[in-house]
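Let me begin by presenting the structure, written as structure tokens, before commenting on it.
The values are calculated or read from the model by the stated rules, or taken from the named source; none is laboratory data. Keep in mind that what you see is a predicted model, and the values were worked out from it rather than measured. Every residue, glycine as well, gets a Cβ built from its backbone with ideal geometry; the counts of neighbours run over all protein chains shown. The accessibility values were calculated without ligands, DNA or RNA, using every heavy atom of the protein model including side chains. Shrake-Rupley method; radii C 1.70, N 1.55, O 1.52, S 1.80 Å.
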Amino acid sequence: MEIQELKRLLQSVNIKQSQINELAARRDELLASAAAPGCGCYEINANRRSGYRSDRTGGAVVKAGELEEQAQAAYMEYLEAYKKARSLIDKADISPLCRLVLHYRYLIGENWEKVAAVLKITRSHAMRIHKKALESLAAVS
């Protein structure tokens, strides 16, 4: 397997996680706007006892349900990508430090500064270890 293809596979975990977070945020935003005052079917006016108002709540709940279904589908894809990436990292014949760099970078989704800080190494050292780990994984795959 080529290194670029390998990186795409590993990065797919983060991409799916981002999609899930985005869908959940949109769903929550819709539900919050539907729960805002004045979103119901009727509104009491000073001139009339009640007046019809469009029901935004029902439409928002339906859309939120659709977003929830999309998030669940994305979660299933995330689990599949996570299992593939985890299996690939676990079966590779690499050092524990290489394994940790790949784990923090791809499975947890940390940036290089955070990976280096957690492992108490420099950013450039983390990147060199990453390159070595990817080359080892590419040779195995």
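Below is a table of values for the structure above.
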{"quantity": "Cβ-Cβ under 7 Å pairs, at least 6 apart or on other chains, region 1-25 side under 24 Å from Val101 (Cβ atoms), far side outside any helix (DSSP H, G or I)", "calculated": "Met1/Ser141; Leu6/Ser141; Asn14/Gly109; Gln17/Gly109"}
{"quantity": "Scan of region 115-141 for residues that are of a type in the set (Ser, Thr, Tyr) and under 19 Å from Ile89 (Cα atoms), ordered by number", "calculated": "Ser136, Ser141"}
{"quantity": "Qualifying positions in region 103-140 - of a type in the set (Lys, Arg) and at pLDDT below 95", "calculated": "Arg105, Lys131, Lys132"}
{"quantity": "Count - residues of region 1-46 that are open to solvent by 70 Å² or more (accessible area, probe 1.4 Å) and either in contact with a strand residue (DSSP E or B) (Cβ under 6 Å, 6 or more places away or on another chain) or at pLDDT below 75 (or both)", "calculated": "7"}
{"quantity": "Qualifying positions in region 85-117 - in a helix (DSSP H, G or I), open to solvent by 60 Å² or more (accessible area, probe 1.4 Å) and farther than 19 Å from Leu9 by Cβ", "calculated": "Pro96, Leu97, Glu113, Lys114, Ala117"}
